[in-house]
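Some notes on the structure that comes next.
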Amino acid sequence: MGWSELRRIPNEYDETIKEMDEKIIDLITSHRSLTQGRRFFPSIEQIKEWSLRFQMDESQISFLIHNLQDQVRPLIPDELGELQNVISIMKKSIVEFCEYTLTHSMQYKNVSIVFVDIRLQNADEREVHLKPNLLLEIISDQQFVVRRYGSRGGGAQTEMQFIISPPIPESLVNLEFSLVPSAVFLERKIQEIVLDRQIDFY
């Protein structure tokens, strides 16, 4: 087999699945034709209802609906460019047991990188690990491309980073920020097995 030839990857496929796929593609095409690039998104209550009905995580449903949006967006530049400024944001919100803080933005020539600090309140009362399935949404007259850029931390505290193109303006007066549910589609649940028995070696 030459370098220009692709190995055929074995896949199972039949007429039943083909018909389902065609219906899905047809529905996506119809959905985008009706929305005409406008943002349509169901309420939190509706997502909760679907989650119970279809036995799917709310974050997975949100991810699916979000990716139905027919929006042509520019790609994020590969190069950050020179660091030009650091903007203090310090916007804080407390939801349920967690405190969320948009701390600052690193302003590069080509992009911005916004940092989010998440802390579990009363963390000393429990042993936990925060898993934020969240994406930063910027509401503005200007359109921004936002991608998750990294995260660090563990236990009851974590930090998320989001890369944004074009860079956000120095003045944040006309910008609104929200964290919205997002997840890797159909992420497999990992079974945790606790090994806590005494083991003797002879």
* Quick check, is residue 88 modelled with pLDDT of 85 or more, more than 25 Å from residue 110 (Cβ to Cβ) and either part of a helix (DSSP H, G or I) or not assigned by TED's automatic domain parsing to the domain that holds residue 39 (or both)? -> no
* Going by the conditions given, is residue 161 polar (S, T, N, Q), surrounded by 14 or more Cβ atoms within 10 Å (Cβ to Cβ), touching a Gly at 6+ places or on another chain (Cβ under 8 Å) and not assigned by TED's automatic domain parsing to the domain that holds residue 62? -> yes
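The values are calculated or read from the model by the stated rules, or taken from the named source; none is laboratory data. Not measured: the values here are computed from a predicted model. Note that we place each Cβ from the backbone using ideal geometry, even for glycine, and neighbour counts take in every protein chain shown.
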